[in-house]
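So the structure is just underneath, and the comments pick up after that.
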Amino acid sequence: MRDFVSAAFAFPTAVFSVLLLVVAGYWVVVSLGALHVESLDTGGDTGGDAGGDDAGVLDVAGLGGVPITVAVSLLIAVGWFASLAAATVVHGPFAPAVVLVVAVGVAWLVTRLAVLALRRLFTAAPGPSRADLLGRPCVIRTGSVTSTFGQAEVTAADGSSAIVQVRQAGDGGLRAGSAAYIYGYDDTGEFFWVVEDPSTLA
């Protein structure tokens, strides 16, 4: 056990060990529901957003197409195992440099293969556009809807649902649980205009 700990915290494995602790902490937070993997950016291969400079670097390295944290987590985990294994068999004055090169190479290769297999799971299907929600029924989720405040839950044609910002012209009777229809979108305020479902009016 002492030899294992010494190897895990000896250079260069120590670098991967620290990063692995950070990754483990991140996934604990994800498992508790504080973060969602689906909300993370992916590389350009999936047709989603590029995800900034980090995603661009991953694309160049052939690791794009999955959430950045998935690719980085795999890279760090495999690098840690490879570094630890290489440190036990490589010795000599240049051992740290050799171990680092081997660990990075193995980590990239294994992660590259894993990303190729995982891409299909993270392929982003185009979500419904704002125009797709026009004319659709919704359910009010706030206590009331006014000309300055309100939210509603709307279900798109593909079955996905979302909470959107809504507004109502005048002083209508929309309350939490009321059925309404979306009939317009305000580009400036980024909200939908809704009207009470006529079938609910007595």
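The values are calculated or read from the model by the stated rules, or taken from the named source; none is laboratory data. Model, not experiment: these values are computed from the prediction. When we count neighbours, we look across all protein chains shown, and the Cβ atoms used for this are built from the backbone with ideal geometry, even at glycine. For the accessible areas, the whole protein counts, side chains as well, though only heavy atoms, and no ligand, DNA or RNA atoms are used. Shrake-Rupley method; radii C 1.70, N 1.55, O 1.52, S 1.80 Å.
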Problem - In the range 183-202, the residues that are open to solvent by 70 Å² or more (accessible area, probe 1.4 Å) and touching a Ser or Thr at 6+ places or on another chain (Cβ under 9 Å) - result: T200
Handout entry: Single residue of A176, A180 found to be of a type in the set (A, V, I, L, M), open to solvent by 20 Å² or more (accessible area, probe 1.4 Å) and over 24 Å from the mean Cα position of the chain (by Cα)
Key = A176
Exercise for the section: For residues that are over 17 Å from D186 (Cβ atoms), touching an Asp or Glu at 6+ places or on another chain (Cβ under 9 Å) and either in a strand (DSSP E or B) or open to solvent by less than 70 Å² (accessible area, probe 1.4 Å) (or both), tally how many sit in the range 137-150. Expected result: 3
Completion exercise
Quick count over the range 151-171, residues being open to solvent by less than 30 Å² (accessible area, probe 1.4 Å) and farther than 21 Å from T188 by Cα, is 1
Handout entry: Residues satisfying the stated conditions in the range 1-30, i.e. assigned to a helix (DSSP H, G or I) and at pLDDT below 85
Key = R2, D3, F4, V5, S6, A7, A8, V29, V30
Exercise for the section: Can you work out which of the residues in the range 164-174 that are at pLDDT below 90 and not small (G, A, S) is nearest to L134 (Cα to Cα)? Expected result: L174
Problem - Flag if L118 is under 30 Å from V29 (Cα atoms), in contact (Cβ under 8 Å) with a residue 24 or more places away in the chain and among the hydrophobic types (A, V, I, L, M, F, W, C) - result: yes
Exercise for the section: Go through (1) of a type outside the set (G, A, S); (2) at pLDDT below 85; (3) open to solvent by 60 Å² or more (accessible area, probe 1.4 Å) one by one and return the number of the condition T42 breaks. Expected result: (3)
Practice task
Residue by residue through the range 82-120, note down the ones that are closer than 13 Å to P12 by Cβ and open to solvent by less than 30 Å² (accessible area, probe 1.4 Å).
Solution key: A82, S83, L84, A86, A95, V99, A103, A107
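Does S199 satisfy being at pLDDT below 95, more than 30 Å from A82 (Cα to Cα) and part of a helix (DSSP H, G or I)?
So S199 passes the test.
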Problem - Residue check for D158: assigned to a helix (DSSP H, G or I) and modelled with pLDDT under 90 - result: no
